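The values are calculated or read from the model by the stated rules, or taken from the named source; none is laboratory data. Source: prediction; values computed, not measured. Cβ coordinates were reconstructed from backbone atoms using ideal geometry, including for glycine residues, and neighbour counts include every protein chain displayed. Just so you know, the surface numbers come from the protein's heavy atoms only, side chains and all, with ligands and any DNA or RNA stripped out. Shrake-Rupley method; radii C 1.70, N 1.55, O 1.52, S 1.80 Å.
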Amino acid sequence: MKTDLEDLPQVILSKRAAQVFKEACSVEGKSPEESYMRIGAKPGGCSGWKYELEWNAPEDIRSEDLTLQSSEVSMVIDRKCLTEILGPIRIDYAYKNLVEQGFVFEQLVNGHQCGCGESFTPVRELKSAEN
């Protein structure tokens, strides 16, 4: 099945987030070249949905998944999750202090994201509100 990636929401991984992912792979004894960052979401949080990140191997990729590249990191994401829930996003890594550090998601559309940035309103609800 041919995929036109230009029609899909953009997923941008910052260089800092990519470096943290690659370092985590190495520390865990996993090859960064054969590792995938799975990006997803699940119901929860004060805005309806929470972001998810996990490590995947090539054999974890499913037929409904898309594989994308950003900042020299391979990412995998369920097509429906990307188009109906997440929409265009940017993922960074914040180092505020020893307690407040981790991956940070930024919606690239005008949606509702809670104050802590851990949950959000899915893009399909934003589209239905516009109509």
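Numbers below:
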| read-out | value |
| --- | --- |
| Residue that is farthest from Glu125 (Cα to Cα) [pool: residues in the range 49-95 that are assigned to a loop (DSSP other than H, G, I, E, B) and acidic (Asp, Glu)] | Glu72 |
| Residue in the range 41-48 that is assigned to a strand (DSSP E or B), within 11 Å of the chain's Cα centre (by Cα) and surrounded by fewer than 17 Cβ atoms within 10 Å (Cβ to Cβ) present | no |
| The range 29-52, residues that are without any contact (Cβ under 8 Å) to a residue 60 or more places away in the chain and of a type in the set (Phe, Trp, Tyr) | Tyr36 |
| Residues (open to solvent by less than 20 Å² (accessible area, probe 1.4 Å) and part of a helix (DSSP H, G or I)) located in the range 24-40 | Cys25 |
| Failed item, numbered, when Glu106 is tested on (1) under 11 Å from the mean Cα position of the chain (by Cα); (2) at pLDDT below 90; (3) open to solvent by less than 40 Å² (accessible area, probe 1.4 Å) | (3) |
| Any hit, the range 22-29, residues being in contact with a Ser or Thr (Cβ under 6 Å, 6 or more places away or on another chain) and closer than 26 Å to Arg124 by Cα | no |
| Residues within the range 6-21 that are open to solvent by 90 Å² or more (accessible area, probe 1.4 Å) and either at pLDDT below 80 or within 20 Å of Gly87 (Cα to Cα) (or both), tallied | 3 |
